[in-house]
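So the structure is just underneath, and the comments pick up after that.
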Amino acid sequence: MRVHAISDLHVDFRPNRDFVAGLSQQDYVNDLLIVAGDLTHDESSLRATLEQLQHRFRALWFVPGNHDLWVDPTSDETSLDKWQRLRAQLHAAGVFLEPAQVGQVRITPLLGWYDFSFGEPETQLRRAWRDFVRCRWPTGWHPRDIAAAFQRDNPEPVAVDASVTHITVSHFLPRVDLLPRPAIERFGFLLPVLGGEAVESELRRHSPQLHVYGHSHVPVDRVRDGVRYINNAKGYPSEYRHADRRLKRIA
């Protein structure tokens, strides 16, 4: 049994949909898959994509990304409302949204949001970042309130046997020092909306050996303070030239 990870499949793009459809239906039937968010804002496409992946893997874990929580601008529904509805549907379909152990592997999904602890967004970012328009939250909420609401939904830590490989999963970046310096120099203005210190604090409560995340589209596989951090984002077709954008075996 192997464990694979991917994030940011963005199946709104045809090449990414083709990638999912082209995954072997035989090679992974005994394996586990982690999907660390950002499939699509379209609910039917999101469910269909996860169903395709379920048919190919023994078990599937998912955490929502920011794109998954975009709402119809003509609706009064909040992004929290959308997540509660999606969560009920995906849970009923057998997608793991909570901690579960298969064999000697335990996977713990952790909800979160960016909270501006990596910096305050500049005016240009506030105007350009689509989450500020496509996501809807209770009136008056700051990103800190959003992050706190998701964190309250996270599971309490449990003791995990040392023989078990424990993997936590978030969509958002847990710490800035995971980014290579060239990425910070080029995209540093995005740091406020890439993640937050609360994500790191939360995963440390669970004492994993590995942590999988997404969102930044910057491939990472490095150890920080005893935890191996992995970002394996499919990303946008325009980004394919920068890295190998396939499934990544992590255990």
Completion exercise
Taking first residues from segment 179-201 that are over 18 Å from residue 233 (Cα atoms) and second residues anywhere that are open to solvent by 30 Å² or more (accessible area, probe 1.4 Å) and among the aromatic types (Phe, Trp, Tyr), the pairs with Cβ under 8 Å that are 6 or more apart or on different chains are 192/118; 196/118; 197/118
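Would you check if residue 24 is closer than 28 Å to residue 79 by Cα, at pLDDT 95 or above and not in a strand (DSSP E or B)? First the steps, then the outcome.
On the way: closer than 28 Å to residue 79 by Cα: no; at pLDDT 95 or above: yes; not in a strand (DSSP E or B): yes.
Answer is no for this residue.
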Completion exercise
Looking across segment 48-81 at residues that are polar (S, T, N, Q) and either out of contact with any strand residue (DSSP E or B) (no Cβ under 6 Å at 6 or more places or on another chain) or within 16 Å of residue 150 (Cα to Cα) (or both), the single one that is most open to solvent (accessible area, probe 1.4 Å) is 74
Exercise for the section: Would you confirm whether any residue within segment 9-27 is among the aliphatic types (A, V, I, L, M) and within 30 Å of residue 204 (Cβ to Cβ)? Expected result: yes
Exercise for the section: Give the number of residues within segment 98-130 that are modelled with pLDDT under 95 and crowded, with 20+ Cβ neighbours inside 10 Å. Expected result: 0
Exercise for the section: Determine if segment 114-127 includes at least one residue that is closer than 25 Å to residue 82 by Cβ and free of Cβ contacts under 8 Å to residues at least 60 places away in the same chain. Expected result: yes
Fill in the blank from the handout: Selection over segment 93-130 where residues are part of a loop (DSSP other than H, G, I, E, B) and closer than 25 Å to residue 149 by Cβ yields a count of 19
Completion exercise
Given the conditions (1) crowded, with 20+ Cβ neighbours inside 10 Å; (2) under 24 Å from residue 143 (Cβ atoms), every one holds for residue 95 apart from (2)
Fill in the blank from the handout: residue 238 passes all but one of the listed conditions (1) surrounded by fewer than 18 Cβ atoms within 10 Å (Cβ to Cβ); (2) hydroxyl-bearing (Ser, Thr, Tyr); (3) under 26 Å from residue 154 (Cα atoms); the exception is number (3)
Practice task
Starting from residues that are among the hydrophobic types (A, V, I, L, M, F, W, C) and open to solvent by 60 Å² or more (accessible area, probe 1.4 Å), keep the ones in segment 1-21 and report whichever is nearest to residue 79 (Cα to Cα).
Solution key: 13
Completion exercise
residue 89 vs (1) outside any loop (DSSP other than H, G, I, E, B); (2) open to solvent by less than 60 Å² (accessible area, probe 1.4 Å); (3) at pLDDT 95 or above: all pass except (2)
Exercise for the section: Test residue 45 against the stated conditions and say whether it is assigned to a helix (DSSP H, G or I) and either within 24 Å of residue 249 (Cα to Cα) or open to solvent by less than 60 Å² (accessible area, probe 1.4 Å) (or both). Expected result: yes
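The values are calculated or read from the model by the stated rules, or taken from the named source; none is laboratory data. Small disclaimer: the values here were computed from a predicted structure and weren't measured. In this analysis, Cβ positions are derived from the backbone assuming ideal geometry, glycine residues included, and neighbour counts consider all displayed protein chains. Please note that ligands, DNA and RNA were not included when accessible areas were found on the heavy atoms of the full protein model with its side chains. Shrake-Rupley method; radii C 1.70, N 1.55, O 1.52, S 1.80 Å.
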